[in-house]
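Working notes, structure below.
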Amino acid sequence: MTDRRGVVAKRAEDLVPGVPYVRGWDRARRSAGKLTDQLVLLGLDSDFPGLMADVNVDGDGLVQLGTVAPEAAELLAKLITAGLPIELLGGTAGKPPAARRDTPAA
């Protein structure tokens, strides 16, 4: 069974002509690299040794986190949760959130 985008489709093991596997894999490789960079900054890269780019049968890129310890998964969830309020307010990590458009200027 796949979701609406097919991202949980089977991994591509037998390639089919006409499916853009390289494009999907390259996008996944770039995303996996960005995630790895952040994990290195946090000292967590060794907690995700199976992090890698992959592609499914439809050519959609996948980023596999691999098998991780429950503590690593919990910490990643906490980091994501901590960053959500900043993201929702339009800010970025390390910078104060930008003023919302519906907030009157001071």
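The values are calculated or read from the model by the stated rules, or taken from the named source; none is laboratory data. Keep in mind that this is a model prediction, so the values were computed, not measured. Just so you know, the surface numbers come from the protein's heavy atoms only, side chains and all, with ligands and any DNA or RNA stripped out. Shrake-Rupley method; radii C 1.70, N 1.55, O 1.52, S 1.80 Å.
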Q: Starting at the first residue of segment 44-51, write each ³J(HN,Hα) from the Karplus equation 6.51 cos²θ - 1.76 cosθ + 1.60 with θ = phi - 60°, in whole Hz, x for Gly and Pro.
A: 10, 4, 6, 7, 10, x, x, 5
Q) What is the ratio of the Cα radius of gyration of segment 37-81 to 2.2 N^0.38 Å, where N is its residue count, to two decimals? A) 1.28
Q. What do you reckon, how do GLU74, GLU87 stack up by accessible area (1.4 Å probe), largest on top?
A. GLU87, GLU74
